[in-house]
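The values are calculated or read from the model by the stated rules, or taken from the named source; none is laboratory data. Because the structure is a prediction, the values reported are computed rather than measured. We place every Cβ from the backbone using ideal geometry, glycine too, and count neighbours over all the protein chains shown.
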Amino acid sequence: QHSIVIAGGGSTYTPEIVLMLLDNLDKFPIRQLKLYDNDSERQSTIAKACEIIIKEQAPHIQFVATDNPEIGFTDVDFVMAHIRVGKYEMREKDEKLPLKYNVIGQETCGPGGIAYGLRSIKGVVEIIDYMEMYSPNAWMLNYSNPASIVAEACRELRPESRVLNICDHPIGLEDRMAKMVGLDSRKDLTIRYYGLNHFGWYTDVQDKDGNDLLPQIKSYMAENGFNLNAIGKETRNSDPSWLHTYDMAKFVYELDPNTIPNTYLKYYLFPNTEVEIADANRTRANEVIDGREKRVFGECRKIVEKGTAKETALEIGAHATYIVDLACALSYNTHERMLIMVENNGAISNFDATAMVEIPCLVGSKGAEPLSIGSVPTFQKGLMEQQVAVEKLAVEAYTEGSKQKLYQAFALSKTIPSADIAKDLLDELIEANKDYWPTL
Ligand code: G6P
């Protein structure tokens, strides 16, 4: 029986994760579930709804919602962290300020991602420290964004900590690939993948019997990218921005038809197209504020008013089951094969040993054991070297309080075409983030 704290309890992802945990109690029994958020007002609606859901489905679970770190982090085995420092107000700035300069406006890629990274580091490190202070034997499953920069900061600032950095995006892509070949879910696939977070490539996809599924996936990709409309399975997220992303994967794929790319590569490889189709007045942040935020808070309020969740439209976060898989692997030493961000350390033989790479690992009670990838081709290596340097410079800028290094990070990013633009944009982002960043 486990005890968990969800850090970032006020996130609109929290209810679907709670529902997913309740749906998996046979695999992963829970005795106590806590929500922790430093914004107790935001968390309260979500928490009240979660409390009702838990009472109805699993009354034996002790439920706690708090903004007090000692209460939140004492007596837990797992910290599940998905914090958003600066919330949607700052996400909007991350996306809109770069677009003023015709530069990619995105929450994890390019200057917006770097800006978000410099905000997140402090928050994530604070949560690691709470965990180590109050529950030193716990594991932190961290899927806070921007995951690449956050993972590098963990490596640099808390190298010995029991933190596993993981991302849900490949999970979603694998579910899509499974559907392309008529299988139910990612669980029916064995994959090989390498790269950085939101910056990688699948090199092998097999079914459980070892049959090579890549040829079939490739021929689907060449026509449709990751868009599942052609097989009538485009259901999960039909927001226009995501559909565009799935469509664009087809063009990213053309650059190396030997591999299946992560969709986020479009921001680095097709920045002009992405800027052209962007609306600087209405970005993804606005889509989420008007969509998911209203929907989830609305549903939670309904649950609280009615005092029951029996008819709720909130859904189980099915793709979030990777969180349970990871927790089970650590608790029960399952050696499940999962994509985790780990220090390269030779796994990619021709790449920086100190880079945080996203590669398949076997996860057991001692953590993640990376599988060997071998050497990667020049095209991918070149892109990865540039991007990893950006991420390292961003973390160094944070730790050293160095504006110079941040300027270098901006100038080096493939999403920013010229250093003079980098400089002006940096000045605007420093001003916008003055309540969050260290003094540079
Ligand atoms: C994917 C990525 C996450 C990202 C999310 C954004 O799941 O892996 O890193 O946070 O998309 O989704 P949103 O709906 O907030 O734009």
Would you call residue 141 part of a strand (DSSP E or B), in contact with a helix residue (DSSP H, G or I) (Cβ under 6 Å, 6 or more places away or on another chain) and within 16 Å of the ligand (Cβ to nearest atom)? yes
Which condition does residue 278 not pass, out of (1) surrounded by fewer than 19 Cβ atoms within 10 Å (Cβ to Cβ); (2) touching a helix residue (DSSP H, G or I) at 6+ places or on another chain (Cβ under 6 Å), if it passes all the others? (1)
Looking for something in contact with a Ser or Thr (Cβ under 7 Å, 6 or more places away or on another chain), in contact (Cβ under 8 Å) with a residue 24 or more places away in the chain and farther than 27 Å from residue 318 by Cβ - is there at least one such residue anywhere in region 260-273? yes
For region 75-119, what are the residues that are away from the ligand (no atom under 16 Å from the Cβ), in a loop (DSSP other than H, G, I, E, B), in contact with a strand residue (DSSP E or B) (Cβ under 8 Å, 6 or more places away or on another chain) and not charged (D, E, K, R)? 76
Which residue is surrounded by the fewest Cβ atoms within 10 Å (Cβ to Cβ), if the candidates are limited to region 255-274 and must be in contact with a Pro (Cβ under 9 Å, 6 or more places away or on another chain) and of a type in the set (A, V, I, L, M)? 255
For region 292-303, enumerate the residues that are of a type in the set (A, V, I, L, M) and either in contact with a Phe, Trp or Tyr (Cβ under 7 Å, 6 or more places away or on another chain) or within 16 Å of the ligand (Cβ to nearest atom) (or both). 296
If we keep just the residues of region 296-323 that are among the acidic types (Asp, Glu) and exposed (fewer than 14 other Cβ atoms within 10 Å of the Cβ), which is farthest from the chain's Cα centre (by Cα)? 305
Unique residue being closer than 30 Å to residue 270 by Cβ, crowded, with 21+ Cβ neighbours inside 10 Å, touching a Leu at 6+ places or on another chain (Cβ under 8 Å) and among the β-branched types (Val, Ile, Thr) when the list is 104, 114: 114
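Which residues, counting only those in region 159-173, are part of a loop (DSSP other than H, G, I, E, B) and either within 10 Å of the ligand (Cβ to nearest atom) or surrounded by 23 or more Cβ atoms within 10 Å (Cβ to Cβ) (or both)? Give the steps one after another, and end with the answer.
Going through region 159-173, the residues part of a loop (DSSP other than H, G, I, E, B) turn out to be 159-162, 166-168.
Answer for region 159-173, where residues must be part of a loop (DSSP other than H, G, I, E, B) and either within 10 Å of the ligand (Cβ to nearest atom) or surrounded by 23 or more Cβ atoms within 10 Å (Cβ to Cβ) (or both): 166, 167, 168.
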Given the structure, is residue 1 modelled with pLDDT under 95 and either hydrophobic (A, V, I, L, M, F, W, C) or more than 23 Å from residue 306 (Cβ to Cβ) (or both)? yes
Region 136-155 residues that are of a type in the set (Asp, Glu), paired with ones that are assigned to a strand (DSSP E or B) and surrounded by 24 or more Cβ atoms within 10 Å (Cβ to Cβ) (beta carbon under 8 Å, 6 or more apart): 152/356
Test of understanding: among 23, 67, 39, which residue is acidic (Asp, Glu) and in contact with a strand residue (DSSP E or B) (Cβ under 8 Å, 6 or more places away or on another chain)? 67
Subset of region 400-418, residues in a helix (DSSP H, G or I) and surrounded by 14 or more Cβ atoms within 10 Å (Cβ to Cβ), comes to 403, 405, 406, 407, 408, 409, 410, 411, 412
When you check residue 156 against the structure, is it more than 21 Å from residue 269 (Cα to Cα), charged (D, E, K, R), away from the ligand (no atom under 16 Å from the Cβ) and touching a Ser or Thr at 6+ places or on another chain (Cβ under 7 Å), yes or no? yes
With region 197-291 as the region, which helices (runs of 4 or more DSSP H) entirely inside it contain at least 1 residues that are aliphatic (A, V, I, L, M) and within 16 Å of the ligand (Cβ to nearest atom)? 240-254, 271-277, 284-288
Would you call residue 89 of a type outside the set (Lys, Arg) and touching a residue at least 12 places away in the same chain (Cβ under 8 Å)? no
